[in-house]
Amino acid sequence: MNSSVTPAIRSAPTGWHLLNTVAASAALGVMLSPLLYELSVATGLLTPLQEASSSCGDTPTQWLTLRIGLIWGAVAGTALAAAQLLQRRRWAIAEVLLDLVALYLSLTLFRYGFVKVLATQFPRLWANLDTPPAELTPMRVAWQFFGYSRGYQQFLGWGEVVPAALLLVRRTRTLGAFIATVVMLNVFVVNVFFDVCVKIGSGSYLFFALLLLLQDVDRLWQFFIGHRPAALRTLPATASRFGRRGRLVYRGLGVLFTLAVIGLTALDVQGTREYAAEQAAVLPLTGVWETARAARWQAGRWQPLTPADSAYPARAYFQAAQAVLRNSVRRDRFVTEPDSARPKELIQLIARNENNDYAAPRRWQYQRTASDSLQLRGRWRRDSVQLVLHLNRGLMK
């Protein structure tokens, strides 16, 4: 073992190192919180909450999962810190955990970053462009703003991809953590003030970035506040804290984990490309449609509807796998799927609210009678309606 490293390992832990151990353990607890939640339920330590049928985040179950991860992580970290204090010997546990945090944050930023680079996270939807902002939720306003410009969305994406790459290399980790902190702070603030339902995720990633950045707080203070040259990093690489075999094993695992991050990112990019192709697909129903005639099934026959009736959709928007029906009093969002049995005649509309809670799918019959005409028949809320629609190309921008 290198003699210059031995004193650092055998020296008594400082208060900073003990605090670092607890914080890094808490970060690991957050990373493993879904697994810890399942283990707590399986062992009878916890009664599971009813799952919400939502693709959005910040559900009661997710908040409980976060608390469990933080508690288990903090308890484990406190125990590890106490053990080091009793033995008066500094362990490398905090450094090992921080390496894992850097890899996890890198993978996460790669995933979210490339989704924006390929312009799929914030779709430019005709339905939102044709809706006054006052009728949209704050989250939809934010999504519409970010998605309006493909170039700006890609700029946001590269702002996450670049720090993700920097975090993979120890020499550039501080710079990556610095950029990631700025980026994730902005993301977290947007999620809070626009009531975006992923506050748990963005807050966790901000915590990870800050934790990594604080490892160089003394050097950053000297450079940015003290206006003095920053001292060279005195802490050796994590692998150098082990013996010869330990160094080989640790470095080997580091290479494997780094390659895993790159490989998983490549798979995510491929999946995102396929999703982008789906979103760009032009389907038989694609377009912004104005209702010319509408009827409702009532008293055993189809009865005409007037535009003043709440069951009369003034416009219907079909764009890839998304649809919106709206009038002056209703605005309902749907996910669409071609019916597997009769895809050229039937489409399934799955209603969802602003929390992305999904309703049961409903079949709608459609017929494209001409290039600019469409007939629809299905159930909208409690009413069975029959529609004749005409294409409005002026709103398809």
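Points worth noting:
- Residue order, fewest to most surrounding Cβ atoms within 10 angstrom, among ARG90, ARG228: ARG228, ARG90
- Each of ILE179, VAL249, THR14 was scored by the projection of its Cα onto the charge dipole of the chain, and the greatest displacement toward the positive side belongs to VAL249; charges sit on the C-beta of Lys, Arg, Asp and Glu.
- Burial ordering of PHE224, PHE155, fewest other beta-carbon atoms within 10 Å first: PHE224, PHE155
- Net lengthening on full extension, ARG381/ALA341 (0.36 nm per residue, minus Cα-Cα): 12.0 nm
- Between ALA231 and LEU253, the FRET efficiency estimated from the beta carbon spacing at R0 = 30 angstrom works out to 0.50.
- Remark: region 329-336, residue by residue, has Karplus-estimated 3J(HN,Hα) of 10, 10, 8, 10, 9, 9, 9, 10 Hz, where x stands for each Gly or Pro and the curve is 6.51 cos²θ - 1.76 cosθ + 1.60 at θ = phi - 60°.
- Sequence-distant lysines (8 or more away, or on other chains) whose Cα lies within less than 23 Å of LYS116: LYS199, LYS397
- Estimated FRET transfer efficiency (SER371, ALA280; beta-carbon r; R0 22 Å; 0.05): 0.65
- When +1 charges are put on Lys and Arg Cβ atoms and -1 charges on Asp and Glu Cβ atoms, the dipole computed for the chain relative to its Cα centre reaches about 600 debye.
- Per-residue Cβ neighbour rank within 10 angstrom, fewest leading, MET396, MET139: MET396, MET139
Bear in mind that the values in this text are calculations on the coordinates, not laboratory data. Please read all numbers here as calculations on a predicted model, not as lab measurements. Ideal geometry is used to build each Cβ from the backbone, glycine not excepted, and the neighbour counts take in all protein chains shown.
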